[in-house]
């Protein structure tokens with residue numbers, strides 16, 4: 001029987017640890033009903049059994065709490081979906097993410113075969129959830145841990161690793177990946193130089209998918225009483241999809257209704273969904289190379305999901321379902337709901353949510369950050385097909401305090417005759433003007449490649465009448481901010497040439513300054529003008545859904561208001 005096979009593969013401690021999770025929604029093994037509620041009335045204090053009838057229940061340390069994460073039903077964002085859609089809350093692992101599972105398994109396997117011995121050191125190039133999981137496990141097992149992070153990683157993430165007792169080495173992002181000073185080069189050097197060092201290498205370590213084959217898959221099969229029909233997860237290093245998917249397919253292979261269908265959610269631009277490895281904002285998923293742990297035969301379908309869709313759903317999950325999760329969780333739910341469009345009431349979908357949203361409060365849940373990337377124009381209607389949007393698709397509205405009026409204030413200027421001020425126009429309208437005035441003659445974004453010479457950059461500025469150029473790897477019409485490596489300005493280039501610090505044939509990539517500040521295409525010209533004044537920048541990158549829609553200068557704003 002398939003059910004007994006699944007039960008055999010559940011770790012021996014699973015049933016005991018189940019007691020640690022208070023479950024109100026249970027799976028009936030008799031009727032096979034998902035979501036049946038218990039009807040037992042709580043016992044009064046007088047009716048409670050005495051302490052002598054209980055056994056103490058606790059974990060020896062937090063490693064005993066890894067896994068057996070609960071399933072929760074989605075109720076609001078799934079409106080219009082007939083199937084039962086459940087999410088597996090991996091952020092309830094003690095380290096805060098699904099990566100706790102592979103961290104424990106990789107170190108246990110290394111201990112078993114002698115690659116990691118007492119007094120050893122764990123070395124890994126990571127700044128994300130895997131690093132946290134490894135730091136936690138290494139600390140509890142008595143190992144030193146050293147993590148290598150690129151300098152673009154925020155201080156907060158490095159501080160989390162240090163909080164677990166880890167050491168952090170920071171490397172330069174600007175060096176080539178094959179360099180000894182790169183992210184991977186430094187990690188490999190430390191492994192060679194530190195006695196007893198062990199590098200787990202999560203991309204190619206078979207213990208990673210094995211951890212999900214042995215725990216995540218069996219947990220899902222058990223908690224759905226074998227009724228799961230679809231499993232959805234994002235693919236990063238490949239372990240979750242490969243291990244969980246392989247187990248669920250094997251254990252359900254003989255079912256009359258067929259094996260579990262495996263759905264992969266992938267950021268738009270990642271190679272899993274046919275992209276070329278272009279940058280994206282969603283963290284912890286997608287790749288620009290094929291990891292050894294990703295088994296391409298496991299997934300049945302792969303859905304590319306944009307940053308805008310992922311972040312809109314991530315915010316909805318917090319506001320409507322009470323689930324504060326990261327962007328990769330929102331991405332997985334978007335892909336899951338797409339795949340669930342034609343499912344019936346008999347289908348049961350499980351979507352894995354990898355981590356918490358607490359690490360993204362300054363990004364996805366920050367209105368300021370979202371606005372600067374051009375994401376605030378995204379509504380719930382753009383996330384899902386027609387008829388699937390739940391009651392969370394609410395539009396923002398202005399609220400007037402009691403006794404106040406809705407007369408225009410300082411930010412809502414009027415013309416002398418009482419009409420709306422042209423400064424209330426949006427940046428998108430200015431971009432439309434530029435295209436209308438010179439159709440086809442001006443690229444959406446005039447750029448310079450990193451190997452463009454200073455002389456060529458100045459010639460480009462003269463040709464198009466601009467004073468600043470974003471420096472990119474390669475020119476594109478749909479430029480993403482992650483593809484911008486900096487900016488060169490005409491004043492800066494003139495100073496370099498006049499002082500003799502650079503020659504006209506030197507590449508601009510060696511002299512690029514910070515990237516231009518950003519403004520949302522839905523921002524008013526007042527807001528754009530204030531942004532230019534506050535930053536002192538010669539121009540702004542106009543952002544729409546994380547993509548550069550164009551560049552605006554003060555000259556562009558003035559041309560619009562005087563047109």
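Of note:
- So residue 134, is it within 18 Å of residue 239 (Cβ to Cβ), in contact (Cβ under 8 Å) with a residue 60 or more places away in the chain and not assigned by TED's automatic domain parsing to the domain that holds residue 323: yes
- Annotation for segment 252-261: no member residue is crowded, with 23+ Cβ neighbours inside 10 Å, over 19 Å from residue 86 (Cα atoms) and modelled with pLDDT of 95 or more.
- Subset tally (residues that are touching a helix residue (DSSP H, G or I) at 6+ places or on another chain (Cβ under 6 Å) and part of a loop (DSSP other than H, G, I, E, B)) for segment 443-472: 4
- When 282, 298, 264 are checked against the criterion of being touching a residue at least 24 places away in the same chain (Cβ under 8 Å) and not in a loop (DSSP other than H, G, I, E, B), a single residue qualifies: 264.
- Of all the residues in segment 528-547, those that are touching a residue at least 24 places away in the same chain (Cβ under 8 Å) and more than 16 Å from residue 468 (Cβ to Cβ) number 6.
- Any hit, segment 291-302, residues being in the same structural domain as residue 325 (by TED's automatic domain parsing), buried (at least 20 other Cβ atoms within 10 Å of the Cβ) and within 13 Å of the chain's Cα centre (by Cα): no
- All of 326, 322, 374, 357 fail the test of being in the same structural domain as residue 221 (by TED's automatic domain parsing), buried (at least 24 other Cβ atoms within 10 Å of the Cβ) and closer than 28 Å to residue 218 by Cβ, apart from 326.
- Among all positions in segment 171-182, there is at least one residue which is farther than 30 Å from residue 86 by Cβ, at pLDDT below 90 and in a strand (DSSP E or B).
- Here residue 374 does not qualify as in contact (Cβ under 8 Å) with a residue 60 or more places away in the chain and assigned to a helix (DSSP H, G or I).
- Hey, residue 269 surrounded by 19 or more Cβ atoms within 10 Å (Cβ to Cβ) and either at pLDDT below 95 or outside the structural domain of residue 230 (by TED's automatic domain parsing) (or both) or not: yes
- When residues of segment 170-192 are limited to those that are exposed (fewer than 15 other Cβ atoms within 10 Å of the Cβ) and in contact with a helix residue (DSSP H, G or I) (Cβ under 7 Å, 6 or more places away or on another chain), the one nearest to residue 123 (Cα to Cα): 180
- Within segment 198-249, considering residues that are part of a strand (DSSP E or B) and crowded, with 24+ Cβ neighbours inside 10 Å, the one farthest from the chain's Cα centre (by Cα): 231
- Qualifying residues in segment 482-510 (those that are within 18 Å of residue 444 (Cβ to Cβ) and in contact with a strand residue (DSSP E or B) (Cβ under 7 Å, 6 or more places away or on another chain)) - the one surrounded by the fewest Cβ atoms within 10 Å (Cβ to Cβ): 483
- Pairs are defined by a Cβ separation below 9 Å, a sequence spacing of at least 6 or placement on different chains, a first member in segment 491-513 that is on the phi > 0 side of the Ramachandran plot, and a second member that is in a loop (DSSP other than H, G, I, E, B); no pair meets this definition.
- So residue 436, is it modelled with pLDDT under 90, surrounded by fewer than 19 Cβ atoms within 10 Å (Cβ to Cβ), outside any loop (DSSP other than H, G, I, E, B) and assigned by TED's automatic domain parsing to the domain that holds residue 551: yes
The values are calculated or read from the model by the stated rules, or taken from the named source; none is laboratory data. Just so we're clear, the structure is a prediction, and the values are computed from it rather than from any experiment. Positions of Cβ are backbone-derived with ideal geometry, glycine not excepted, and every protein chain shown enters the neighbour counts.
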